[in-house]
Amino acid sequence: KVLSAGGLVQSRQGSGLYVTGEASTFAQGTIDLSMTVDPEHILSLFEFREANETRVAQLAAERATPRHLKLLKEAVKGSRNAATDEDPVLFRSSDEAFHQTLADAAQNPFFYAAIGSILRMQNLAIDTAAGRTPGSMQLAAEQHLQILEAVRDADSDAARTAMQEHLATTRENYRQEMRRALEKL
């Protein structure tokens, strides 16, 4: 009943239960509704993101399909183009597509829902730090490529390490932006 209510399985009378392949909305709702996200919570959100996304990268390296690899490659291309054009709006869109596709490649609906929630909360709480720190979009795009290559090579340890480095860089860019903002006050 819980899986059916969450949209994960569909009951067919006289035939049984079938997996729907849909992302779970009940896990997502719990995360979205349980926390308010304000600047004081952002570093905690980064910790939560790192705990989830490093595991997602590992699982994606083990489970990604050719379709996932194609979508990841397109997202990397989009983030590289956005970095070249210095377009933070396009970069954010490509970045979200990259991270959400990785979560989909992990083939775990709870991670997929959690990553979606994390990205929404982070975007609500902060105006993207990417693009403000000189060279940050280019570096993030290159880190996306490193993650993609590790996933493509089915190297789960390299995927985890590359994601950890990527998120550490993103967190540090956020800290630098907050310092700059405080200095202007």
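Taken together, the values in this text are just the output of simple stated rules run on the coordinates, not laboratory data. As the structure is a prediction and not an experimental result, all values here were calculated from the model. As a convention, Cβ positions derive from the backbone with ideal geometry for all residues, glycine included, and neighbour counts pool all protein chains shown.
From the residues L145, L119, G135, which one has its Cα farthest along the dipole of the stretch 66-182 in the positive direction, the dipole being from +1 and -1 charges on Cβ of Lys/Arg and Asp/Glu about the Cα centre?
Farthest towards the positive pole: L119.
With every atom except the alpha carbons ignored, what do you get for Rg and Dmax of the stretch 64-185, in angstroms?
14.4, 50
Spelling out what I want: for every residue of the stretch 48-56, take phi, set θ = phi - 60°, compute 6.51 cos²θ - 1.76 cosθ + 1.60 (Karplus), and round to whole Hz; glycine and proline get x.
Listing the rounded values in order: 5, 4, 4, 4, 7, 6, 5, 5, 4 Hz.
Could you tell me, in Å, what Rg and Dmax come out for the Cα atoms of the stretch 49-121?
When restricted to Cα atoms, the stretch 49-121 yields Rg and Dmax of 12.1, 34 Å.
Output wanted: per-residue J couplings in Hz (rounded whole) for the stretch 91-108, from phi through Karplus 6.51 cos²θ - 1.76 cosθ + 1.60, θ = phi - 60°, x for Gly and Pro.
With coefficients 6.51, -1.76 and 1.60, one gets 4, 4, 4, 5, 4, 4, 4, 4, 5, 6, 5, 4, 4, 5, 5, 5, 6, 9 Hz.
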